[in-house]
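Working notes, beginning with the structure itself.
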Amino acid sequence: MSPLALPHRARTFLRAPARWSVVAAIPIVALLPLVLTDYQVTLADNIGIAALVTLGLVLLTGVGGMTSFGQAAFVGIGAYSAAVMATFQPADLPFGLSFFAGSPIAGLVLGLVITLSVAGILGAITLRLSGHYLPLGTIAWGLSLYYLFGTIEAFGGHTGISGIPALSLFGITLDRGEELFRLIWGVVIVAVIVTLNLLDSRPGRAIRALRGGQIMAESMGVDTFRAKMTAFLTAAVFASIAGWLYAHTQRFVAPAPFSLQAGIDYMFMALIGGVGQVWGAVVGAATVVMLKEWLQDLLPHLLGRVGNFEQIVFGLLIVVVMREMSSGLTGRLVEAVRARLPRVSIAPAGADLAAVEPLPRCPMPPRGTTILEARGVTRRFGGLVANDDLSFSVAAGEILAVIGPNGAGKSTLFNQLSCVDAPTSGEIVFRDRRIDGLPSREVAKDGLARTFQHVKLLPTMSALENVALGAHLRGSDGIAAAMLRLDRAEEASLLAEAERQLTRVGLGEYAAAEAGSLALGQQRILEIARALASDPCLLLLDEPAAGLRFREKEALAELLGRLRAEGMAIVLVEHDMDFVMELADRVLVVDFGRQIAEGLPAEIQSNPAVLEAYLGGVE
């Protein structure tokens, strides 16, 4: 059954079981303090604060693929801002803040402003790093902020700030454990809802696309740096709010809880709970906090001496979890539940997709108009010349095939045409605009879409959402609309377009399937559907027929023929000569990076240079 055929109420229920878990959590939070002891309530408060910080790491690391050990520093900014506004006299505060002395809300706002400012600067520097340099960078600034807290005399150095009054909000004093419990866990639930809303949106898909590789995401029109900053700043905000709650819960602030060790502990929580699962933040925080309390009491009795033995146990536990349960405790539970439930659509609630109007399309250029032109394109890698003075053009409504032996420079050429790479010399003109050197997302806006030689999909996302990623540039709702769930109309349109493109390429019945579960040939077709969702006028296909069976190749050829008839220009790299010669209008042959022939398929098949260099002399 097509996902669009599911009744609205069924789609609403099946869409996100995590949302029903949020509904279930609300009465639990309201009633749990009535059955817990004071000690247990305090422990639960600590778990909630830790869960809020860890939730940011789930978004940043588990979803966005960016490892950070510096989140504890943002907790410190929130905590010290709360402590300063709660304990400093008006005369001790800077001009403009003295009027708000003693206000916890002012402490929260101040912490958020400072956190966003600091995180914006650190993110602009750190998030441009890659590989192991990124986590090392977060360690560096995490240590710097930790030592800054301890060296500012006004903050009491390493002694800290004490005497923070009980939290009072809107005339209500929250000085009992159960009241703070409901506040803390109410904030956690709101943060979970906001995170779920964000992930279930166009900006959320952009963040999730980061794990599929920046080249793929940028080619889909995603501003990857902006997506990274979104995840980074959201995680920092969660940490800052957790720091504010910590200050008013402990009523004492010192640098130790915001050290690098604390940052590592938060990462432990994310890994143990399930760094890719939203509720993994809560499970991981509860596991680590309670286990630490239990081990700190048990191990000294067992070993006969006092020490930080629980850290040794945590280290061993992380090794075991990463080996046996790489997806964490929550991930293992979700996998077990999914294995016993039928796969269903993840179409969003809030709209009947079958009734959604199609997204507006840009008109195709007039048939025969030159769409793309390469002029003397040369690409050198040191002494290696991958492309040597290549010149050709492709017109609207034309299929140009690029063929050549392995290592001839075809994929290098594709990367330059799509602005993933830039030529050493020469020009590339797309729709009368020189594009060489531009970011690939810029040319995606103008109607250039591509697939990849090695399939680049998000394997744990459904086929429907993978295709919706291709329509990223056709939406405009931002982060705030996503978090507040005000983007439902646009989201319905984007997913409806994804469904149409899946049906168009013959994969409509697989809309709800995880992309990684599809066969290789289906994944290649899925990439074409994703490219078509961007509404292109030029399609670059890198070996689209590889891995397809005979009937699938026939269906692909029929699809490309229809696209050509609509006026779309297509450039394809392919090794299947029968497929190429029956489909292409013109063929360009390259060998050792040089253009050796160009012409009609019949001309290429009889060209002596081609027969010698590529076809092995077969007539």
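Assorted remarks:
- For the stretch 463-509: rounded, prolate or oblate by the Cα gyration tensor [a/c cutoff 1.5]: prolate
- F452 long-range amide H proximity, modeled H, under 5 Å: D542
- Kirkwood-based shape ratio for the chain, expressed as Rg/Rh from alpha carbons: 1.05
- Entry for the stretch 441-483 at q = 0.22 Å⁻¹: log10 I(q)/I(0) = -0.96, Debye formula applied to identical alpha-carbon scatterers, no solvent contribution.
- Longest exposed-site-free window of the chain, the sites being chymotrypsin sites (Phe, Trp or Tyr not before Pro) in a DSSP loop that have at most 10 other C-beta atoms within 10 Å: 171-619
- Qualifying GluC sites (Glu not before Pro) in the stretch 262-329, where qualification requires a DSSP coil assignment and no more than 15 other C-beta atoms within 10 Å, are lacking entirely.
- The H on the amide N of E398, modeled in the peptide plane, is under 5 Å from the matching H of A569, I570, each at least 5 residues off or on a different chain.
- Taking other Cβ atoms within 10 Å as a rough exposure proxy, I164, I604 sort from fewest to most as I164, I604.
- Cβ-based exposure ranking for C362, C419, in which fewest neighbours within 10 Å come first: C362, C419
- ³J(HN,Hα), Karplus 6.51/-1.76/1.60, whole Hz, each residue of the stretch 391-404, x for Gly, Pro: 9, 6, 8, 9, 10, 4, x, 10, 10, 10, 9, 10, 10, x
- Applied to the stretch 314-327, the Karplus parametrisation 6.51 cos²θ - 1.76 cosθ + 1.60 on θ = phi - 60° returns per-residue 3J(HN,Hα) values of 4, x, 5, 5, 4, 4, 5, 4, 5, 7, 9, 9, 5, 8 Hz, with x for Gly and Pro.
- Each residue in L180, L400 was given a count of other beta-carbon atoms within 10 angstrom of its own, and listing them fewest first yields L400, L180.
- When only the Cβ of Lys, Arg, Asp and Glu is charged (+1, +1, -1, -1), the dipole of the stretch 195-242 relative to its Cα centre reaches about 60 debye.
Every number here is computed from the coordinates shown, using simple stated rules; none is lab data. None of the values given here were measured: they were computed from a predicted structure. Positions of Cβ are backbone-derived with ideal geometry, glycine not excepted, and every protein chain shown enters the neighbour counts.
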